[in-house]
Amino acid sequence: STGLVEMSIYFAFGTFETYLPLFLSSKNIPPYLIRIIFSLQIVSIALTKPLFGKISDRIDRRAQIISGIILMAISMVMLNFYSSLIYFILISLLFGLGLSISTVATSSYVADISSKKELGSSVGALSSIMDIGHSSGPFISGIFIGSFSYLIGFSIPAILIIIIALIFFICNFKKK
């Protein structure tokens, strides 16, 4: 279930980084501002990962994972309802924070639940699953964007995230 979370995170991230520039261009945002939006997002991810890593050492990683991916899903849907540059910057930052919150916790959680003998293969499998999500997100979402609209294309990753958050919750919070 943690691998599915990682896949959904990067499915959404691949969609976001591939189609947001085209979406913003369609909203008449100039290319230099699109670059700034993405630069701010990447800087926010880089600056917050150590903080969220430290937080994940102190709280339940499962709750952090769910919080981060829900924030990403909300951000993806919000893209469709705003058209101002400042909102796009804020949404991009929220998306980046959600990614940062969740990804530091997924890696750590996999390490927590893996035996020492399986740690390398578990982290390797998580990384492979991430790559599948990252490459399939733009492909699948692009079909929906091309066939329907950005609203549908940006909603697909959000729906996937919500479904996988439920699966993760059911698999990892069951009573023992």
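The values are calculated or read from the model by the stated rules, or taken from the named source; none is laboratory data. Every value quoted in this text rests on a predicted model; they were computed, and no experiment measured them. Reconstructed Cβ throughout: ideal geometry from the backbone, glycine too, with neighbour counts over all protein chains shown. Just so you know, the surface numbers come from the protein's heavy atoms only, side chains and all, with ligands and any DNA or RNA stripped out. Shrake-Rupley method; radii C 1.70, N 1.55, O 1.52, S 1.80 Å.
Things to note:
- Shown are Glu17, Glu6, whose ranking by accessible area with a 1.4 Å probe and every protein chain present, most to least, is Glu17, Glu6.
- Take the Cβ atoms of Phe173 and Phe139, set R0 to 35 Å, and the FRET efficiency comes out at 0.65.
- Reduced Cα scattering model of the chain, Debye log10 I(q)/I(0), q = 0.08, 0.13 Å⁻¹: -0.24, -0.62
- Adding -39500 (n - 2.57) for every DSSP H run of four residues or longer, then dividing by how many residues the chain holds, sets the calculated 222 nm ellipticity at -30000 deg cm²/dmol.
- Between the residues Phe23, Ile36, Ser102, the greatest Cα displacement towards the positive end of the dipole of the chain, with unit charges on the Cβ of Lys, Arg, Asp and Glu, is found for Ser102.
- The stretch between Ile163 and Ile89 holds 24.0 nm of extra length on full extension. This uses 0.36 nm per residue minus the Cα-Cα distance.
- For the pair Ile42 and Lys54, the difference between a 0.36 nm per residue extended length and the Cα-Cα distance amounts to 2.4 nm.
- From the Kirkwood radius over Cα pairs of segment 1-73, Stokes-Einstein at 25 °C and 0.890 mPa s returns a whole-number translational diffusion coefficient of 175 µm²/s.
- For the peptides 66-79, 130-143, the ranking by packing is 66-79, 130-143, with the highest mean count of neighbouring Cβ atoms within 10 Å listed first.
- Cα centre as origin, Lys/Arg/Asp/Glu Cβ charges: the chain dipole, Debye: 420 debye
- Working ranking of peptides 44-53, 118-127 by packing, defined as the average number of other Cβ atoms within 10 Å per residue, highest first, is 44-53, 118-127.
- Assigned charges on the beta-carbon of Lys, Arg, Asp, Glu; segment 52-140 dipole about Cα centre (debye): 180 debye
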